[in-house]
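Engineer: I have a structure here, written as structure tokens, and I will follow up with some questions on it.
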Amino acid sequence: MTLLDAAIAGAGAANVVAITIDHGLVPTSVAACARVAAWARGQGAGAIVRAVVVTPRASLEAAARDARYAALEAVADELGLVAILVGHTARDQAETVVLRLLRGTGPAGLAAMPPRRGRIVRPLLAVDRAMIDAYVARLAAATAEWVDAIDAVAAPLATETRCQVLAAQPAAIRKRALAIALDRAAIDFGATHLEALDHLVCAPAHGEVAIDLPGARVIRTYDTLHIAVMPISPAPTGVPPIIAPAGHYLRTWRPGDRMRLARLHGRSRKLSDLFTDAKVPRNLRARAVVMVRTADDSIVWVEHLSPANPAEWVGQ
């Protein structure tokens, strides 16, 4: 937030885009990313929230960093940005040097993070953390006031079921209202879910349309929106645990996931459609496990469904 505020002050809001990466590792990440984006837009800057998939490996921190920087570079390419500013401080620099020293790095490694590498720029690298903390103490108070103002408008709209009324609101207000509604219903959701729900609300009325969220379904019938929470039955006892073989990892399914099928000669279909064809109950879909090949993130197996194209298992 310090970096964002300073960038807006130095370069002008019209020249700044706040890119917030949702790693999906904590339940509150969606709300936090939405607040940062809303604050940036309130200052007149652009804002993008990009969700990433963090592939588990030995170091979760390294996996998250790789996913984050790949997403930042992708957004910069899409928007034609000339620089990507990141908020490393003097303390981060010192920690990096100490870690590399403990690992036995050579003189080159002790140089630690450069102020600039390609499009990545670290403007705060020489700034002491105490100075930043003092700056943030002032900024936090101003931000809290701004968030309170946003929520004062958005919270009453969280119970609104008329899409026409919601769609007429500014994007920041509308999305915050939808996020509050999902939070109140104790529904787990990510940035992609919130974007899909926002598109559902803003689309022209057309019969009944629905999107699936983890443990819930949001249904739009003409102009009326309804959130249906699906009861999740307890997992059956005595079932052996699912273990991913080497080169694969497990996760729960996400809307938009696809799998290649042998019976379709390798063509892919959405898992949501496959669940429907197989008549898988919605309470089981909500916690269905998928097995993903680490090399290319291809889904090779889905709980309650047939295996994917056998070629997927051997990486062909």
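The values are calculated or read from the model by the stated rules, or taken from the named source; none is laboratory data. These numbers were taken from a predicted model, which means no experiment stands behind them. Here the Cβ positions follow ideal geometry from the backbone for every residue, glycine too, while neighbour counts run over all protein chains shown.
Engineer: Which of the numbered conditions does Arg57 fail, given that it passes all the others? Conditions: (1) modelled with pLDDT under 85; (2) under 27 Å from Asp183 (Cα atoms); (3) charged (D, E, K, R).
Structural biologist: Every listed condition holds for Arg57 apart from (2).
Engineer: At pLDDT 75 or above, surrounded by fewer than 13 Cβ atoms within 10 Å (Cβ to Cβ), in a loop (DSSP other than H, G, I, E, B) and out of contact with any helix residue (DSSP H, G or I) (no Cβ under 8 Å at 6 or more places or on another chain): does that describe Pro245?
Structural biologist: Taking the combined requirement at face value, the residue does not satisfy it.
Engineer: So for the range 176-192 (the condition being more than 30 Å from Val280 (Cβ to Cβ) and either in contact with a strand residue (DSSP E or B) (Cβ under 7 Å, 6 or more places away or on another chain) or of a type outside the set (A, V, I, L, M) (or both)), does at least one residue qualify?
Structural biologist: Scanning the range 176-192 turns up at least one residue that is more than 30 Å from Val280 (Cβ to Cβ) and either in contact with a strand residue (DSSP E or B) (Cβ under 7 Å, 6 or more places away or on another chain) or of a type outside the set (A, V, I, L, M) (or both).
Engineer: Out of all the residues in the range 197-218, which are crowded, with 16+ Cβ neighbours inside 10 Å and modelled with pLDDT of 85 or more?
Structural biologist: Leu197, Asp198, Leu200, Val201, Val218
Engineer: Something else about it: Take Val30 and tell me if it is under 17 Å from Arg254 (Cβ atoms) and in contact with a Cys (Cβ under 8 Å, 6 or more places away or on another chain).
Structural biologist: Details: under 17 Å from Arg254 (Cβ atoms): yes; in contact with a Cys (Cβ under 8 Å, 6 or more places away or on another chain): no.
In short, no.
Engineer: Return the residue satisfying two criteria in turn: it lies in the range 219-240 and is modelled with pLDDT of 85 or more and in a loop (DSSP other than H, G, I, E, B), and of such residues it is nearest to Leu274 (Cα to Cα).
Structural biologist: Per the criteria, the residue is Tyr222.
Engineer: Another question, then. Do you know which residues across the range 138-185 are within 20 Å of the chain's Cα centre (by Cα) and not in a helix (DSSP H, G or I)?
Structural biologist: Passing the criteria: only Ala185.
Engineer: Also, quick follow-up: Among Gly24, Gly10, Gly46, Gly42, which is over 16 Å from Arg119 (Cα atoms), touching a residue at least 60 places away in the same chain (Cβ under 8 Å) and more than 14 Å from the chain's Cα centre (by Cα)?
Structural biologist: Gly42
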